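As structure tokens, the structure follows; a few thoughts come after it.
The values are calculated or read from the model by the stated rules, or taken from the named source; none is laboratory data. Note that the structure is a prediction, hence the values are computed from the model and not measured. Cβ placement follows ideal geometry from the backbone for every residue including glycine, while neighbour counts extend to all protein chains displayed.
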Amino acid sequence: MTEFADLRGKAAVITGGGGVLGSSMGTALAGVGVRVALLDRDGQLARSKAEAIAAATGGEAVGLKTDVLARKELEAAAAEVEARWGAADFLINAAGGNAPAATTRLERLEAGSDPDAGFFGVDVEAFRRTVDLNLMGTVLPSLVFGRAMARRGSGAILNISSMSAIRPLTKVVAYSASKAAVSNFTAWLAVHLAGTGVRVNAIAPGFFLTEQNRFLLTDEKTGVLTARGGKIVAGTPQRRFGAPEDLHGLVLYLLSEKSAFVTGAVVPVDGGFNAYAGV
Ligand SMILES: NC(=O)c1ccc[n+]([C@@H]2O[C@H](COP(=O)([O-])OP(=O)(O)OC[C@H]3O[C@@H](n4cnc5c(N)ncnc54)[C@H](O)[C@@H]3O)[C@@H](O)[C@H]2O)c1
């Protein structure tokens with residue numbers, strides 16, 4: 001893709017880079033000549049995905065065991081990237097997810113429902129962990145990798161929010177609130193850094209079937225859609241889940257100079273879910 005020639009030779013850090021969406025974005029970037037560092041708390045997964053990316057694209061990719069909630073580990077990863085390729089030009093904050101215990105069993109409570117089957121039974125520690133992972137797991141890498149970008153006067157940060165930040169889905173209370181915080185932080189940091197030349201945007205993916213939501217959307221034994229999975233597809237005008245490749249064009253665009261005047265945006269990639277009122 002010669003259209004993104006300005007990206008060639010740049011270095012991108014992708015947190016949660018061992019995951020489905022993070023590694024797929026890494027493949028897209030390596031395909032246009034970006035050097036890619038996949039940071040994941042699962043170091044083995046990050047390394048194997050980096051090897052696969054290098055083999056598939058002929059590009060440079062490295063996997064580094066890094067917990068986004070451990071500032072020291074992030075600083076060590078930043079030093080490692082800098083020693084290889086110079087300070088990172090781009091940061092994609094793709095580490096994130098939901099904790100099943102921070103999910104309500106019932107979608108809604110009615111008079112007479114068991115309160116513990118709903119919001120009142122949510123495990124507060126799991127709620128806190130979810131907020132930590134999604135919000136602080138975006139803030140801390142931005143602190144560590146954004147500093148050199150601000151100093152240098154160029155770079156881009158791309159956060160991964162969610163459709164649930166815009167239209168909170170039932171059950172996933174902590175996930176929705178924490179992704180809304182990611183969208184808000186995206187706008188805040190974009191304004192704060194606009195004068196430095198560093199841009200900050202976010203993608204709000206709709207529904208992509210991955211490990212973190214498979215238990216909610218499909219029967220894990222049969223793979224058949226759950227009632228909830230069926231509702232999501234019915235609420236998506238394009239009538240399907242997203243495929244990781246559906247994010248590629250937007251990721252390249254938002255990191256490239258082609259989007260030089262775009263900052264503070266949260267862009268849905270959702271098959272029309274957000275636009276559809278259901279009638
Ligand atoms: N799949 C979807 O439908 C969907 C929709 C909207 C948003 N998202 C978001 O996209 C991002 C990527 O999700 P995915 O679907 O690829 O999920 P995934 O579970 O495949 O990937 C997440 C990766 O993050 C890593 N991770 C978790 N905690 C970490 C930590 N503390 N430090 C470092 N790495 C950590 C995991 O090991 C995993 O490899 C997440 O932020 C998710 O919330 C996904």
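Restricting the search to segment 210-231, which residues are of a type outside the set (D, E, K, R) and touching a Gly at 6+ places or on another chain (Cβ under 8 Å)? Full working, then the answer.
Going through segment 210-231, the residues of a type outside the set (D, E, K, R) turn out to be 210, 212-213, 215-218, 222-227, 229-230.
Once the filter is applied, which keeps residues that are of a type outside the set (D, E, K, R) and touching a Gly at 6+ places or on another chain (Cβ under 8 Å), segment 210-231 yields THR210, GLN212, LEU216, LEU217, THR218.
Select from segment 148-175 the residues that are within 12 Å of the ligand (Cβ to nearest atom), of a type in the set (Ser, Thr, Tyr) and touching a Lys or Arg at 6+ places or on another chain (Cβ under 9 Å) and list them in ascending order.
Within segment 148-175, SER161, SER162, SER164 qualify.
Is there a residue being within 23 Å of the chain's Cα centre (by Cα), more than 10 Å from the ligand (Cβ to nearest atom) and closer than 19 Å to MET25 by Cβ anywhere in segment 100-111?
Applying the first criterion (within 23 Å of the chain's Cα centre (by Cα)) to segment 100-111 yields 100-104.
The next check asks that each one be more than 10 Å from the ligand (Cβ to nearest atom); those that pass are 100-104.
Then drop every residue that is not closer than 19 Å to MET25 by Cβ, which leaves none.
No - not one qualifying residue is present in segment 100-111.
Of all helices (runs of 4 or more DSSP H) completely enclosed by segment 136-218, which ones contain at least 1 residues that are of a type in the set (Phe, Trp, Tyr)? Quick ask: steps written out before the conclusion?
Details: elements: 137-152, 163-166, 173-193, 214-217.
Once the helices (runs of 4 or more DSSP H) in segment 136-218 are filtered for at least 1 residues that are of a type in the set (Phe, Trp, Tyr), what remains is 137-152, 173-193, 214-217.
If a residue must be near the ligand (Cβ under 8 Å from one of its atoms) and either buried (at least 19 other Cβ atoms within 10 Å of the Cβ) or part of a strand (DSSP E or B) (or both), how many such residues does segment 25-44 contain?
Let us first name the residues in segment 25-44 that are near the ligand (Cβ under 8 Å from one of its atoms), namely 39-42.
If we keep only those that are either buried (at least 19 other Cβ atoms within 10 Å of the Cβ) or part of a strand (DSSP E or B) (or both) as well, we get 39-41.
The qualifying residues number 3.
Give segment 234-250 a look and list any residue that's crowded, with 17+ Cβ neighbours inside 10 Å and either part of a loop (DSSP other than H, G, I, E, B) or touching a strand residue (DSSP E or B) at 6+ places or on another chain (Cβ under 7 Å) (or both), or say none.
Keep residues of segment 234-250 that are crowded, with 17+ Cβ neighbours inside 10 Å, which gives 235-236, 241-242, 244, 246-248, 250.
GLY235, THR236, PHE241, GLY242, PRO244, ASP246, LEU247, LEU250 - these are the residues of segment 234-250 that are crowded, with 17+ Cβ neighbours inside 10 Å and either part of a loop (DSSP other than H, G, I, E, B) or touching a strand residue (DSSP E or B) at 6+ places or on another chain (Cβ under 7 Å) (or both).
Any residue in segment 170-187 that is within 19 Å of GLY229 (Cβ to Cβ) sitting within a Cβ distance under 9 Å of a residue that is in a helix (DSSP H, G or I) and modelled with pLDDT under 95? List the pairs, counting only those 6 or more apart or interchain.
Short answer, once both residue conditions are applied: THR170/ARG228; LYS171/LEU216; LYS171/ARG228; VAL172/LEU216.
Out of LYS10, LYS49, I need the residue that is buried (at least 24 other Cβ atoms within 10 Å of the Cβ) and over 16 Å from the mean Cα position of the chain (by Cα). Which one? It would help to see each step written out before you state the result.
On the way: LYS10 fails: buried (at least 24 other Cβ atoms within 10 Å of the Cβ).
That would be LYS49, the only listed residue that is buried (at least 24 other Cβ atoms within 10 Å of the Cβ) and over 16 Å from the mean Cα position of the chain (by Cα).
Conditions tested, residue by residue: (1) more than 15 Å from the ligand (Cβ to nearest atom); (2) among the polar types (S, T, N, Q); (3) under 19 Å from MET136 (Cβ atoms).
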residue: ILE14; (1), (2), (3): no, no, yes
residue: ARG47; (1), (2), (3): no, no, no
residue: LYS65; (1), (2), (3): no, no, yes
residue: ARG71; (1), (2), (3): no, no, yes
residue: ALA79; (1), (2), (3): yes, no, no
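Taking the condition farther than 24 Å from PRO205 by Cα and either within 14 Å of the ligand (Cβ to nearest atom) or outside any loop (DSSP other than H, G, I, E, B) (or both), does ALA5 pass?
So ALA5 fits the description; yes.
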